[in-house]
1. List pairs: first residue in the stretch 58-73 and open to solvent by 50 Å² or more (accessible area, probe 1.4 Å), second residue of a type in the set (F, W, Y) anywhere in the structure, Cβ distance under 7 angstrom, at least six positions apart or on different chains.
2. Applying the selection to the stretch 1-32, what residues are in a loop (DSSP other than H, G, I, E, B) and open to solvent by less than 30 Å² (accessible area, probe 1.4 Å)?
3. Residues to consider are E9, E40, E64; find the one that is closer than 15 Å to R134 by Cα and more than 15 Å from the chain's Cα centre (by Cα).
4. Output the residues belonging to the stretch 23-80 that are touching an Asp or Glu at 6+ places or on another chain (Cβ under 7 Å) and either of a type in the set (D, E) or at pLDDT below 95 (or both).
5. Is there a residue being open to solvent by less than 70 Å² (accessible area, probe 1.4 Å), out of contact with any helix residue (DSSP H, G or I) (no Cβ under 9 Å at 6 or more places or on another chain) and β-branched (V, I, T) anywhere in the stretch 38-49?
6. Filter the stretch 94-119 down to the residues that are within 19 Å of the chain's Cα centre (by Cα) and without any contact (Cβ under 8 Å) to a residue 40 or more places away in the chain, then identify the one that is nearest to L79 (Cα to Cα).
7. Quick one: is T91 among the polar types (S, T, N, Q), in contact (Cβ under 8 Å) with a residue 12 or more places away in the chain, closer than 21 Å to R134 by Cβ and loosely packed, with under 14 Cβ neighbours inside 10 Å?
8. For the stretch 67-93, enumerate the residues that are under 13 Å from the mean Cα position of the chain (by Cα) and of a type in the set (A, V, I, L, M).
Amino acid sequence: MASVSVRQEYSQSAESVWAVVGDPAGAANWIPSLETSRLEDDVRHVVFTDGNPARERIVSHDDENRTYTYEYIDGPLPLAKYTSTIRVDATATGSVISWDAEFTAAGDDPAALESQLETGIGEIYQGALDEVARVAAP
C-alpha cells in the first residue's frame, strides 16, 4: 500500500476555501488536470485534460466539519484500491487544506507502480492546492 499526503496553508478563511473544494461536482474548477467534473448521485464523473474519463464514489461528505472522502471506481490509473480524504481547517491566520490518499496499484508489479503513482498523484494534488489559492475568495 502507498500513500500521498499534502498540506497547504491559505490566507483565506476556511469557509472561503471550503466553498471551492467542498463541492465534489466542482472539482474541475480547481484541479488543473481535470477538464470536466459532475456528480450523479454519489458518483463523481471526471474527464482529465488528456480526455481520459474516471469515476469516483463520494463515500462521506461533511460540510460542518469541512471534509469528504472518495474512492476510485475506475479510470486510466492502474489502481486496485484508492481512498482519499480532503479536509479544510481554520487556522489563526486563515485556513489549511490536508489531502491524504492511500492506495494499492493494480498489475503484475504493484510495488514499482506505486512509487510512480505516489509521484504523479502528489503532483496532481499539489497543483490543485496551488490553484485553490488563486480561485478562493479573499
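The values are calculated or read from the model by the stated rules, or taken from the named source; none is laboratory data. Remember, predicted model here, so these are calculated numbers, not experimental data. Note: ideal-geometry Cβ built from the backbone for every residue, glycine included; neighbour counts use all protein chains shown. What goes into the accessible areas is simple: the full protein's heavy atoms, side chains included, and nothing from ligands, DNA or RNA. Shrake-Rupley method; radii C 1.70, N 1.55, O 1.52, S 1.80 Å.
1. Every condition considered, the pairs that remain are V59/Y70; S60/Y68; H61/Y68; D62/Y68; E71/Y82.
2. Matches in the stretch 1-32: Q12, G22, W30, I31.
3. On the way: E40 fails: closer than 15 Å to R134 by Cα; E64 fails: closer than 15 Å to R134 by Cα.
Exactly one of E9, E40, E64 is closer than 15 Å to R134 by Cα and more than 15 Å from the chain's Cα centre (by Cα), namely E9.
4. E56, E71
5. Yes, the stretch 38-49 contains a residue that is open to solvent by less than 70 Å² (accessible area, probe 1.4 Å), out of contact with any helix residue (DSSP H, G or I) (no Cβ under 9 Å at 6 or more places or on another chain) and β-branched (V, I, T).
6. The residue in question is Q116.
7. Answer is yes for this residue.
8. Once the filter is applied, which keeps residues that are under 13 Å from the mean Cα position of the chain (by Cα) and of a type in the set (A, V, I, L, M), the stretch 67-93 yields I86, V88.
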